[in-house]
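Chemist: A single structure is presented below for examination.
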Amino acid sequence: MMPPDKATSDAPVFQFTNCWILKNHELQREDLWVREGKILNPEKLFFDEKKPADVQLDCKGSILAPGFIDVQINGGFGVDFSLATDDVGAGISLVAQKILSHGVTSFCPTLVSSPSSVYHKVLPQICVKNGGLHGAGVLGVHLEGPFISKEKRGAHPEHCLRTFETGAFQELLDTYGSLDSVRIVTLAPEMKRSSEVIKELTKCGICVSLGHSMANLSHAEEAVQHGATFITHLFNAMLPFHHRDPGIVGLLTSDQIPPGQKVFYGMISDGIHTNPAALRIAHRADPKGLVLVTDAIPGMGLAPGRHTLGQQVVEMDGLNSYIAGTKTLSGSIATMDTCVRHFKDATGCSVETALEAASLHPAQLLKIEDRKGTLDYDTDADFLLLDDNLHVRATYIAGQQVWRQDSFAI
């Protein structure tokens with residue numbers, strides 16, 4: 001006779017008890033079962049393997065939520081992802097390790113508009129990488145610029161900006177050098193030949209985001225029809241909403257989105273970049289499309305003073321960061337857990353909604369919700385333990401505790 005199903009594993013089963021799990025869009029009083037880095041269906045364990053958990057862990061009434069995913073982060077703790085150094089990997093690793101305490105388990109290192117030589121040096125040094133004790137996982141790079149509008153460049157240096165006019169997609173390839181580790185490209189859809197570029201990027205499986213742009217609504221709708229699925233930091237660095245032409249903001253309620261396609265939008269919920277009333281308007285218009293991003297700069301986690309952001313010098317003053325000598329905002333110094341709490345307070349939304357804006361929605365944007373962003377069975381066991389006020393108590397990647405608050409033991 002054949003032995004019983006040998007596919008069963010001898011690896012230990014961990015059972016997280018006394019917790020509220022975010023599942024199917026609501027907090028449920030349930031246990032979470034984990035084995036070999038994946039979330040386990042306990043029924044299969046009971047009926048197929050007839051075995052209990054090897055280890056039980058008391059979560060002390062914590063909320064268990066999927067790990068946060070930050071798709072726009074320029075650096076932090078003195079590390080600038082847009083600086084051409086010989087050891088970009090070390091900087092990425094430092095940030096990856098530090099953001100575990102903010103609940104971030106995966107992220108997209110983001111480069112602002114830079115000279116072509118910077119992309120050619122930096123991009124080959126960034127690899128897609130699973131998270132673990134060493135830090136949050138790298139999902140791929142977000143290239144914000146340089147194919148953006150001069151008028152809406154924000155903190156991006158004008159001398160680095162480029163157009164597609166001569167070579168279209170080839171121009172982009174020549175500028176970046178390689179798209180191997182690229183996950184998102186932010187561009188201005190009103191630029192000539194942008195439609196060709198959007199189609200090609202989409203064919204490569206790269207998410208196209210609209211931002212730093214003077215686009216009207218029809219430009220934006222056309223870009224979406226060619227494959228764009230994201231808006232970079234809604235309201236910031238784009239035409240303000242106007243009732244006769246709402247611009248890119250109008251995508252939130254557009255009736256021209258192709259069937260089956262979803263447009264997501266990033267929000268910097270730091271209390272500075274977006275007025276709470278604007279945050280509420282966006283959320284009420286399209287709650288399922290909202291993706292919280294930090295847009296964090298190298299000064300995040302450091303004392304006020306002068307820091308870099310790519311080719312620019314940035315001045316941090318309290319919670320504000322400006323291009324030195326100006327009042328132009330240049331990214332944020334907020335952490336992801338702070339953004340989640342501010343979003344919940346500003347909109348009055350549920351705990352579930354706030355948590356999903358930093359987990360499920362970015363996973364759906366990147367089309368990885370089959371393995372990240374939920375606590376569904378067979379997905380990666382990347383999750384957080386949080387208190388009732390959404391402060392992170394502990395962070396887990398692939399079922400392993402990678403960070404915990406000093407005062408919290410499990």
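Chemist: Students often get this wrong: which residues of the stretch 346-384 have the backbone nitrogen under 15 Å from the point 7 angstrom along Cα-to-C-beta of Q400?
Modeler: 381-383
Chemist: Given N residues in the chain, what is Rg(Cα) / (2.2 N^0.38 Å)?
Modeler: Normalised Cα radius of gyration, the chain: 0.99.
Chemist: Give me the number: length gained by fully extending I257 to T326, i.e. 0.36 nm times residue separation minus the C-alpha to C-alpha distance, one decimal in nm.
Modeler: 21.0 nm
Chemist: As an exercise, use a Förster radius of 45 Å and the Cβ-Cβ distance of S116 and D387 to find the FRET efficiency, rounded to the nearest 0.05.
Modeler: 0.45
Chemist: Express the relative contact order of the chain as a whole percentage, based on alpha carbon pairs under 8 Å and six or more residues apart in sequence.
Modeler: Relative contact order for the chain comes out at 20 percent.
Chemist: Just to be sure I follow: if Rg is taken over the C-alpha atoms of the stretch 255-410 and Rh is the Kirkwood radius over the same atoms, what is Rg/Rh?
Modeler: 1.00
Chemist: Cα atoms only: what Rg and Dmax, in Å, come out for the stretch 266-324?
Modeler: So, for the stretch 266-324, Rg and Dmax equal 13.7, 38 Å respectively.
Chemist: Right, something else. Give, rounded to the nearest 20 debye, the magnitude of the charge dipole that the stretch 215-335 has about its Cα centre when Lys and Arg contribute +1 at Cβ and Asp and Glu contribute -1 at Cβ.
Modeler: That gives a dipole near 180 debye.
Chemist: A further question on this structure: May I ask you to list the aspartates and glutamates whose Cα is less than 13 Å away from that of K327, ignoring any residue fewer than eight positions away on the same chain?
Modeler: Straight-distance partners of K327: E315, D317.
Chemist: Okay, next question. Label-point separation (nm) for A90 and D245, each offset 7 Å from Cα along Cα-to-Cβ?
Modeler: Output for this residue pair reads 5.0 nm.
Chemist: Would you kindly calculate the translational diffusion coefficient of the stretch 323-375, applying Stokes-Einstein with the Kirkwood radius from alpha carbon pairs, for 25 °C and a viscosity of 0.890 mPa s, and quote it in µm² s⁻¹ without decimals?
Modeler: In µm²/s, the coefficient rounds to 191.
Chemist: Within the chain, which cysteines find no other Cys whose Cβ is under 4.7 angstrom from their own?
Modeler: Taking the Cβ cut-off of 4.7 Å, the unpaired cysteines of the chain are C108, C127, C160, C204, C207, C339, C349.
Chemist: What translational D, rounded to a whole number of µm²/s, comes out for the stretch 245-287 from Stokes-Einstein when the hydrodynamic radius is the Kirkwood one over Cα pairs, at 10 °C and 1.306 mPa s?
Modeler: Diffusion coefficient, whole number: 138 µm²/s.
None of the figures in this text is laboratory data; all of them are computed from the coordinates on show. Remember, predicted model here, so these are calculated numbers, not experimental data. Every residue, glycine among them, receives a Cβ derived from its backbone with ideal geometry; neighbour counts consider all protein chains shown.
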